[in-house]
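To keep things clear, I will list the structure first and then write my remarks on it.
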Amino acid sequence: MTGPVAIALDINGERVDAHVLPRLNLADFLREHLKLTGTHVGCEHGFCGACTVRVNGDIVRSCLILAVQLHGASVQTIEGLSDSGEIADLQAVFRDRNALQCGYCTPGMLMAAQDLLKQQPEPDRERIREHLSGNYCRCTGYQSIIDAVETTARMRAGHRP
């Protein structure tokens, strides 16, 4: 058995130095070692999207990446996006459009939605559905989530919601 490995990475704009076991995935590192519990773990197989984070600007499933693979990387979690205010409008519209119920999928859904809006500022409903298709929600039926993303895009573009 291999012992802990030293890693250094940037988490939400702050340098983190740690020693981790080689088989520790990023989701567990964030939740257990850094107490960043906004990254949820639903399936541990990359299917549900609850563990979505940004690594070097790209959204990824944190349950599928080992923490040791991220030495030198930049990671943003839902806490980082929320604290920076980057998704304040998206969070407000999710609330206003009832795009969340139990809230378990919401952090991953917000991460994926923000990623889409950065790539394509005014996506149509079909593109929104396609981009969010890897994030599962068992409560909302998705229509309110799609409405919220579409409304946020329209507001950001200066249109009436």
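Worth pointing out:
- The lone criterion from (1) within 27 Å of Ile11 (Cα to Cα); (2) of a type in the set (Asp, Glu); (3) touching a helix residue (DSSP H, G or I) at 6+ places or on another chain (Cβ under 7 Å) left unmet by Asp115 is number (3).
- Residues of region 26-38 that are more than 21 Å from Asp115 (Cα to Cα) and in a loop (DSSP other than H, G, I, E, B): Leu34, Lys35.
- Residue match in region 2-20 (condition: within 25 Å of Cys137 (Cα to Cα), of a type in the set (Gly, Ala, Ser) and at pLDDT 95 or above): no
- Checking each residue in region 4-28 for being more than 14 Å from Arg54 (Cα to Cα) and among the β-branched types (Val, Ile, Thr) picks out Val5, Ile7, Val16, Val20.
- Enumeration of residues in region 19-48 that are crowded, with 19+ Cβ neighbours inside 10 Å and among the aliphatic types (A, V, I, L, M): Val20, Leu26, Ala27, Leu30, Leu36
- Single unsatisfied condition, Val93 versus (1) assigned by TED's automatic domain parsing to the domain that holds Ala148; (2) at positive phi; (3) not aromatic (Phe, Trp, Tyr): (2)
- Residue identified as assigned to a loop (DSSP other than H, G, I, E, B) and not aromatic (Phe, Trp, Tyr) among Arg15, Arg23, Arg54: Arg23
- Verdict on His131 being in the same structural domain as Ala18 (by TED's automatic domain parsing), at negative phi and surrounded by fewer than 22 Cβ atoms within 10 Å (Cβ to Cβ): no
- Residue check, Asp10 more than 11 Å from the chain's Cα centre (by Cα), of a type in the set (Asp, Glu), in the same structural domain as Thr152 (by TED's automatic domain parsing) and surrounded by 14 or more Cβ atoms within 10 Å (Cβ to Cβ): no
- Checking Gln69 against (1) of a type outside the set (Val, Ile, Thr); (2) assigned to a helix (DSSP H, G or I); (3) outside the structural domain of Thr151 (by TED's automatic domain parsing); (4) crowded, with 19+ Cβ neighbours inside 10 Å, the condition it does not meet: (4)
- Any chance Val41 is of a type in the set (A, V, I, L, M) and either in a strand (DSSP E or B) or within 23 Å of Cys139 (Cα to Cα) (or both): yes
The values are calculated or read from the model by the stated rules, or taken from the named source; none is laboratory data. Since the structure is predicted, the reported quantities are computational estimates derived from the model, not experimental observations. Quick reminder, even Gly has a Cβ in these numbers, built from the backbone with ideal geometry, and neighbours come from all protein chains shown.
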